[in-house]
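Undergrad: My structure is below; once you've seen it, I'll send some questions.
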Amino acid sequence: MIINGMYDPVLVGLSLFIAVFASFTGLSLAKRITTSSGRAKTLWLISAALALGGGIWSMHFVAMMAFRLSSMYVDYDPGLTVVSFLIPIVLTATGLALAAPSAQSKGRLLLAGLLMGAGVLAMHYLGMAAMQMPATIYYDSAWVGYSALIAIVASTVAVWLAFGNHDLGHRIAASAVMGVAIAGMHYTAMRAATFVMDLNADTLVGDAAIEQTSVALIVAVFAIVLLVMALGAARLDHLFTTYERREARIALRLQVADILRERGADTALHEIAALMGSHFGVTRTGYGQLDPVEDFFDYDVCWTDGTVPPLVGRYPAADFGEKIVAKLTAGETIVVEDLLREQISDEARTRETAREVDTRAILVVPFVRDGRLRTIVYLNDREPRQWDNEDVAFMEELAERTRLVIERDAVEQQLRELNASLERRVDERTRELQRAQEALIQSQKMEAVGQLVAGMAHDFNNVLASVIGAYNLILRKTDDPDRVRKFAEAGAQAAERGAKLTGQLMAFSRSNKIQLKPMLVCDVIEDMEDLLVRTLGPHIKIERELNPNPAPVLADPTQVEMMILNLAINARDAMPDGGVLTISTRKQAIARDPELADGDYIELAVRDTGSGMDEDTLRRATEPFFTTKPVGKGTGLGLAQIYGSARQAGGTLRIESELNVGTTVRVLLPCTDKKPKRPIATTGEGSNNLDLPALHILLVDDDDHLRSVLAEGLADQGHKVTAASEGKEALSILEAETPQVAVLDFAMPGMNGAMLARQISARLPSLPIIFVSGYADTAAIKNAAGENVVILQKPFNLEQLIAALKRVCSQIEG
């Protein structure tokens, strides 16, 4: 006889609640598996299996207690009941372990769902087999198949939900659906069962329903309490884990900030890579720079945990796949849980690279600047990994922090290159300005020389008249030796005056590099006296008030000459009707001056009694190109050049002027402890320079008259002179004779003195050479023959030539 069963609606509802609550608890506990590692991960796996498997068994047990067979008492086999309890727990634990994120795949997911579904089915049908009653159970295969399908699908969905990134709302909804599905599987399986009473069985009536309800309630309460405790433990663990992660992230942020502030870019990136690797628990982290020209990634910063090789060197961007590179170029963060299974990494080259570098999961944050991918920061793991949304966000935050140091390093590199370029340009510009300054000084000197021409021409005509007159008288009085000597001495004195005039003019026009050295300003003023008299003319009276105890200054003598001459010419132009020019020097101590360093200075003052300047002109007097002179009469650079020269020497320029009274220009130059080198006299009366043994001298000069006079004079002193008019003739002489000294003119047609000297040195390396030149600039001779070369400046007398011969001979003997 077929026995019809009935359900207690309260217990049915309770079973459904248990199914939903068990599903929610199991999913929540399984969530902890993804955030744990080691022993804690195993404990959470066991807890999730107990909650889900045990909860489903509790639901099944309560549901079985809700089923009542009329007029029949039902008992249960304890052994089979315990087995039915253990099977779903073991198979659920196996399924969760099989489908864990570190090894998750579709095949494993389906296999895990199959195992867990089989556990649910085994639990249910073993529970049915544990029923002890005077009846036989028959099953409808179709409904059994439906129940198996529901169990497997529900278990597969449960596994997928357990390891997905779902929020609380999603988990509640999923738990409700899953709980209903599991309960539905139970009641579908119960629909497949038909109970047929045995023919000789006795009808048992009693309090079975009351006892079943009590047992069901006890099991339900016990299961719910356990589930609540498990859920509470999971929640507490989540809170503690969240707190620990928050604290760890705060600590990491502080460490990164300290590193970025205190370290250089390369060191900082290496240290940050190590910190990221430890924090995220990955096998490799690092940075890569994209070379957009060659389309290569340069990996120079990498940290590993030792289980994988470092990613260092150059790799083509295409090795990582066009899809990944395209998203990175678009500024998207790449999150791949398994490179060997996801669609974004399905290119053959991408997966080949993943195998080569032993990587399955990646998290890559790009740095895009000016629309171009510049740098990436990456996390790698050798096993498939489910990246948490919070981890992705924190990684992006760290990447943004390190982006600043990378860009700072790039900017610093650009600045270094720019500074190097600027330094080169500044050096070039400085050299150009120095050349321009030297050229300006030279042009101003030439301008001043031009203003001297008229006066010097007058003086030189007087000199020539004296020389010519003396020689005419000598020619007329050849028979009167005393008068001839007197006329010769007068002619020689006039010639010396002419030589002095020429020497001053040449020295002033000489082109020299600016060179600061110790000097006495008073000496320069005294040496320029004749030059100033001729420059200013007879209508200007010159007065000197020089310091009787002069102190040396550090300045360029040529520039000081320029200062004095320019100031004298300005004063002359300010006194067209004549006046008094006073040049004075004095020493003064200066302290707390806004323009000058504390110390002693020599004041060079040039004062005139001219027209003076008004306030506007005085204020602009040192501006370059400012002048009150008519067009063609001045460049407007005189005072500006004087101010610049004084500042270059560490001094300055001060101007005082009163309209219709006069002007005083004061040049302050810093004193120095260094002693100036005074010129050594080359000749003089009573000199013993003529006391020289007879020498064989090679004399080379293209001027026939000078060569003849010099040869005759040296011969009169007892020397043997072999003369030549040019270089080739001198070299021919050397083939037959070996002189002891060579006297060479520097400027000769064909082969100049320097070229001839090199030829002579090649044949006679020890032969001393004296150069004679009528040009002002001796730098060319020194460049060709060396700084220690002996040079005689034309015009010179015989005593000076003999002194030079003695000098080179003493050098050889020394």
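The values are calculated or read from the model by the stated rules, or taken from the named source; none is laboratory data. No experiment lies behind these values; they were computed from the predicted model shown. In this analysis, Cβ positions are derived from the backbone assuming ideal geometry, glycine residues included, and neighbour counts consider all displayed protein chains. Note: accessible area is taken over every heavy atom of the protein model, side chains too, but ligands, DNA and RNA are not part of it. Shrake-Rupley method; radii C 1.70, N 1.55, O 1.52, S 1.80 Å.
Undergrad: How would you order 90-96, 748-754 from highest to lowest mean count of nearby Cβ atoms within 10 Å? If you can, show how the numbers build up before the last one.
TA: Details: 90-96: 23.3, 748-754: 16.6.
Highest-to-lowest ranking by the protection proxy: 90-96, 748-754.
Undergrad: Arrange the peptides 588-599, 796-807, 561-572 so that the one whose residues have, on average, the most other Cβ atoms within 10 Å appears first.
TA: On the way: 588-599: 10.6, 796-807: 18.6, 561-572: 22.4.
Answer by packing, highest mean first, reads 561-572, 796-807, 588-599.
Undergrad: Using only Cα atoms, figure out Rg for the stretch 1-153 and give it as a multiple of 2.2 N^0.38 Å.
TA: Numbers: Rg = 17.0 Å, N = 153, 2.2 N^0.38 = 14.9 Å.
Compared with the compact-globule rule of thumb, the stretch 1-153 sits at 1.14.
Undergrad: Next question, about the same structure. How much length is gained if the chain between GLU595 and GLU735 is pulled fully straight, taking 0.36 nm per residue apart and subtracting their Cα-Cα distance, in nm to one decimal? Don't skip to the end; give the middle numbers.
TA: Numbers: separation 140, 0.36 × 140 = 50.40 nm, distance 6.59 nm.
My answer for the length gained is 43.8 nm.
Undergrad: To continue, here is another question. Expected output is a single nm value to one decimal: the length gained when fully extending between VAL196 and GLU244, i.e. 0.36 nm times separation in residues minus the C-alpha distance. What is it? Intermediate values should be presented prior to the final figure.
TA: Numbers: separation 48, 0.36 × 48 = 17.28 nm, distance 6.07 nm.
Extending this stretch completely gives an extra 11.2 nm.
Undergrad: Now a separate question. Packing-wise, with mean Cβ within 10 Å as the measure, how do 551-557, 5-11 rank, highest first?
TA: Numbers: 551-557: 21.7, 5-11: 14.4.
Descending packing order for the listed peptides: 551-557, 5-11.
Undergrad: Would you mind checking LYS517/LYS677; LYS587/LYS675; LYS486/LYS794; LYS517/LYS587; LYS486/LYS806; LYS587/LYS674 for any pair whose Cα atoms are more than 20 angstrom apart? Numbers along the way, then the final one.
TA: Numbers: LYS517/LYS677 9 Å; LYS587/LYS675 16 Å; LYS486/LYS794 25 Å; LYS517/LYS587 18 Å; LYS486/LYS806 30 Å; LYS587/LYS674 16 Å.
Beyond 20 Å between Cα atoms: LYS486/LYS794; LYS486/LYS806.
Undergrad: Please report the orientation-averaged projected area of the stretch 240-366, defined via the convex hull of its C-alpha atoms, in nm². Can you show the working numbers first?
TA: Working: hull surface 35.5 nm².
It is 8.9 nm².
Undergrad: Next question, about the same structure. Roll a 1.4 angstrom probe over the protein heavy atoms and tell me the percent of accessible area of the stretch 283-436 that is carbon or sulfur. Walk me through the numbers before you get to the answer.
TA: Working: 3900 of 8160 Å².
Carbon and sulfur: 48 percent of the exposed surface of the stretch 283-436.
Undergrad: Mind checking the full-extension length gain between THR622 and PHE17? Use 0.36 nm per residue of separation minus the Cα-Cα distance, one decimal, nm.
TA: Working: separation 605, 0.36 × 605 = 217.80 nm, distance 10.05 nm.
Taking 0.36 nm per residue and subtracting the Cα distance, the gain is 207.7 nm.
Undergrad: Once neighbouring chains are kept in place and the probe is 1.4 Å, which whole percent of the accessible area of the stretch 1-158 is contributed by carbon and sulfur? If you can, show how the numbers build up before the last one.
TA: On the way: 4700 of 6540 Å².
So the carbon and sulfur contribution to the accessible surface is 72 percent.
Undergrad: Oh, and also: Calculate, for VAL10 and VAL308, the FRET efficiency according to 1/(1 + (r/R0)^6) with r their C-beta to C-beta distance and R0 60 Å; round to the nearest 0.05.
TA: Details: r = 59 Å, r/R0 = 0.98.
The pair VAL10/VAL308 has a calculated efficiency of 0.55.
Undergrad: Where only protein heavy atoms count, and the probe is 1.4 Å, what is the accessible area per residue for the stretch 3-57 in Å²? Working shown, then result.
TA: Values: 2200 Å² over 55 residues.
Spelled out: the 1.4 Å probe surface of the stretch 3-57, per residue, equals 40 Å².
Undergrad: Oh, and also: At a Förster radius of 35 Å, what calculated FRET efficiency corresponds to the Cβ-Cβ distance of PHE796 and GLU417, to the nearest 0.05?
TA: Using R0 = 35 Å, I get an efficiency of 0.05.
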